[in-house]
1. So which residues in the range 81-114 are under 16 Å from Tyr246 (Cβ atoms) and either assigned by TED's automatic domain parsing to the domain that holds Gly150 or touching a helix residue (DSSP H, G or I) at 6+ places or on another chain (Cβ under 6 Å) (or both)?
2. Please determine, by comparing only the residues of the range 359-382 that are buried (at least 19 other Cβ atoms within 10 Å of the Cβ) and more than 9 Å from Val346 (Cα to Cα), which one is nearest to the chain's Cα centre (by Cα).
3. Name every residue in the range 269-303 that is in contact with a Phe, Trp or Tyr (Cβ under 8 Å, 6 or more places away or on another chain) and in a strand (DSSP E or B), in order of residue number.
4. Within the range 72-90, can one find any residue that is surrounded by fewer than 17 Cβ atoms within 10 Å (Cβ to Cβ) and under 18 Å from Arg190 (Cβ atoms)?
5. Look through Glu421, Glu403, Glu325 and report the one residue that is surrounded by fewer than 16 Cβ atoms within 10 Å (Cβ to Cβ), of a type in the set (D, E, K, R), at pLDDT below 95 and over 22 Å from Gly38 (Cβ atoms).
6. Inspect the range 44-51 for any residue being among the basic types (Lys, Arg) and either part of a helix (DSSP H, G or I) or not assigned by TED's automatic domain parsing to the domain that holds Leu167 (or both) and give the result as yes or no.
7. Yes or no: Gly41 under 19 Å from Glu193 (Cα atoms), crowded, with 19+ Cβ neighbours inside 10 Å, of a type outside the set (S, T, N, Q) and at pLDDT below 95?
Amino acid sequence: MTEKSVSMDDIISLCKRRGFIYPGSEIYGGMAGTWDYGPLGIALKRNITNMWWKIFVDSRDDIYGVDAAILMQPKVWESSGHVAGFSDPLVECAKCKRRFREDHLDDKTKCPDCGGSLGAARQFNMMFKTHIGATEDEASVTYLRPETAGGMFVNFKNIVDSFHPKLPFGLAQIGKAFRNEIAPRDFVFRAREFEQMEIEYFINPKYWESTFEDWRTLMHGWIEAVGIDTSRVKENEIPDGERAHYSKRTIDFEFIYPFGQKELYGLAYRTDFDLSAHAKGSSVDLSFMDEETKEKFVPHVIEPSFGVERTLLAILLSAYHEEGEGDDARAVLKFNPRIAPVKAAVFPLLKNKPELVAKAREIYGNLKLSVPQVMWDDNGNIGKRYRRQDEIGTPYCITVDFETLTDDAVTVRDRDTMKQERVPISNLLARITKDL
């Protein structure tokens with residue numbers, strides 16, 4: 001059996017054809033850097049975020065979930081430094097007028113599209129500016145948040161006052177962020193609207209090194225658990241002079257995409273920069289009294305940061321396989337069953353036989369009571385249904401045939417091995433949920 005490597009064209013084509021991801025505003029010609037998620041795409045995203053929340057929030061007693069507002073008081077972004085410094089170097093072509101990020105260009109003097117001359121770089125703030133209220137003046141200016149961390153830092157005192165946690169403890173949030181990227185590209189890897197899964201873990205600075213290593217290990221565990229190919233993940237220790245000004249140590253977890261080795265996740269030791277900056281900007285005391293040591297200090301922060309879309313793309317690239325040749329060729333997404341958007345598909349062998357359809361519908365309805373992500377499929381012959389389900393990553397296909405009417409058993413076909421086995425209907429739920 002032969003297998004070819006996956007390209008971005010393969011993934012983009014599959015995502016549109018099978019209802020994972022569509023270009024944003026496509027019937028109007030689209031809008032760069034925006035993407036719409038179809039039924040399978042949103043199911044995959046929710047499975048990823050639900051699994052992340054279960055691992056990092058629900059299964060722990062030291063992490064508190066929050067959901068902060070997207071629109072925040074603009075002084076938040078002034079204190080954090082985003083208003084003054086959240087920018088990228090922009091260059092413009094004198095000939096075609098297209099704009100590019102200078103740090104993404106190999107030749108910083110020549111336009112990569114038309115060959116024209118590029119002008120001098122200028123800093124471009126990536127925050128989306130908007131106005132609150134009926135008037136549009138400087139007093140009404142605010143921003144769509146460029147990251148989710150700010151909402152957690154400004155809620156630090158609320159959580160301490162409400163729940164009286166002991167150090168170390170963390171806040172977790174899954175939410176949208178927005179960046180006015182100069183040149184969005186590489187499918188959903190770099191978009192103007194995206195989703196983050198982030199934790200701000202507050203610690204006594206005496207223990208930052210061991211806590212950093214603990215989170216490093218946890219992030220590797222997540223990468224393996226969610227089904228990302230670990231052989232394509234590399235750590236990049238960011239050296240002095242290249243880290244963000246607030247960071248004392250940063251590791252980027254990078255994934256080998258078809259367009260190069262790029263950042264997947266980040267782990268940063270942000271020291272006490274954020275709480276100190278917001279304490280100064282708001283004139284509110286954000287220090288913490290450690291009940292055990294009786295010390296009062298501003299906690300430091302370890303930040304593990306995960307991008308939902310980059311996770312989804314890395315999973316798709318890790319799961320995608322093309323196997324076989326000729327009539328035996330198939331494209332298959334070998335998802336971890338826990339994050340597969342469809343867990344099982346139910347078929348009647350023939351859709352024009354009422355007795356088979358009725359029995360298959362009964363089985364389908366019963367399964368959906370316990371496993372909502374079950375699909376009904378009676379379109380085309382069995383071979384075409386198998387190939388279609390392989391391509392969307394369904395772990396199990398369940399066929400109701402004439403024997404089912406007499407032996408109360410169905411044929412279950414495994415996605416990865418393509419082997420088929422006869423399973424009693426009474427054991428069916430246990431069989432398809434054993435890996436979920």
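The values are calculated or read from the model by the stated rules, or taken from the named source; none is laboratory data. Just so we're clear, the structure is a prediction, and the values are computed from it rather than from any experiment. Here the Cβ is made from the backbone with ideal geometry for all residues, glycine too, and neighbour counts use every protein chain on show.
1. Result: Val83, single match.
2. Selected residue: Leu367.
3. Within the range 269-303, Tyr269, Arg270, Thr271, Phe288, Lys296, Phe297, His300, Val301, Ile302, Glu303 meet the criteria.
4. yes
5. Values: Glu421 fails: at pLDDT below 95; Glu403 fails: at pLDDT below 95.
Being surrounded by fewer than 16 Cβ atoms within 10 Å (Cβ to Cβ), of a type in the set (D, E, K, R), at pLDDT below 95 and over 22 Å from Gly38 (Cβ atoms) holds for just one of Glu421, Glu403, Glu325, which is Glu325.
6. Filtering the range 44-51 down to residues among the basic types (Lys, Arg) leaves 45-46.
Those left that are additionally either part of a helix (DSSP H, G or I) or not assigned by TED's automatic domain parsing to the domain that holds Leu167 (or both): 45-46.
Yes.
7. On the way: under 19 Å from Glu193 (Cα atoms): yes; crowded, with 19+ Cβ neighbours inside 10 Å: yes; of a type outside the set (S, T, N, Q): yes; at pLDDT below 95: no.
For Gly41, the condition - under 19 Å from Glu193 (Cα atoms), crowded, with 19+ Cβ neighbours inside 10 Å, of a type outside the set (S, T, N, Q) and at pLDDT below 95 - is not met.
Okay, residues lined up against (1) closer than 24 Å to Thr49 by Cβ; (2) among the small types (Gly, Ala, Ser); (3) part of a helix (DSSP H, G or I); (4) in contact (Cβ under 8 Å) with a residue 24 or more places away in the chain:
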| residue | (1), (2), (3), (4) |
| --- | --- |
| Glu78 | no, no, yes, yes |
| Cys114 | no, no, no, no |
| Thr130 | no, no, no, yes |
| Thr135 | no, no, no, no |
| Ala139 | no, yes, yes, no |
| Pro146 | yes, no, no, yes |
